[in-house]
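Here is the structure we will look at.
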Amino acid sequence: MGITITGLDALIRRLEQIQVDMVAAAAQAVEISADEMAAMAKELCPVESGDLRESITASVSCTVTGVSATVSCGTPYGAYVEHGTDKMPARPFMYPAAKACEDKIRQRVAAAVRGVL
């Protein structure tokens, strides 16, 4: 007595495609979210010369298994402005931007992944 399973190859191909589609959908959602967070950080950033604000960037990295984003500032003094020093009070702009975008990022990524399924 033997059992024959038909369509297994097609199922495996479809599951592999779902993984690819999920990463692509998540990447798009993460990229939009990272750009929004960078824009908000630029709005919140204290400006003297404008160099700090202009150095804020967002980048997205994708692998087969996931997506990550980085929003950062490229000046050597950005962390001092964000966290303060012994001689200067903190003027946070990155953390408030991240907190303000946090729920929207989760919702956007969840909706993107649900859209694939």
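Determine whether the range 40-55 contains at least one residue that is in contact (Cβ under 8 Å) with a residue 60 or more places away in the chain and either at positive phi or crowded, with 17+ Cβ neighbours inside 10 Å (or both). Yes, the range 40-55 contains at least one residue that is in contact (Cβ under 8 Å) with a residue 60 or more places away in the chain and either at positive phi or crowded, with 17+ Cβ neighbours inside 10 Å (or both). Among the residues of the range 1-32, the ones that are assigned to a loop (DSSP other than H, G, I, E, B) and polar (S, T, N, Q) come to 2 in all. For the range 51-103, the set of residues classified as of a type in the set (D, E, K, R) and out of contact with any Cys (no Cβ under 6 Å at 6 or more places or on another chain) consists of D51, E54, E82, D86, K87, R91, K99, E102, D103, listed by residue number. Among the residues of the range 97-110, are any without any contact (Cβ under 8 Å) to a residue 24 or more places away in the chain, under 14 Å from S33 (Cα atoms) and among the basic types (K, R)? Yes - at least one qualifying residue is present in the range 97-110. Restricting attention to the range 50-99, which residues are closer than 20 Å to A29 by Cα, of a type in the set (A, V, I, L, M, F, W, C) and in a strand (DSSP E or B)? Scanning the range 50-99 gives I56, A58, V60, C62, V67, A69, V71.
Each value in this text was obtained by applying a stated rule to the coordinates, not by laboratory testing. None of these values were measured; they are calculated from a predicted model. With ideal geometry, Cβ positions are generated from the backbone for all residues, glycine too; neighbour counts draw on all protein chains shown.
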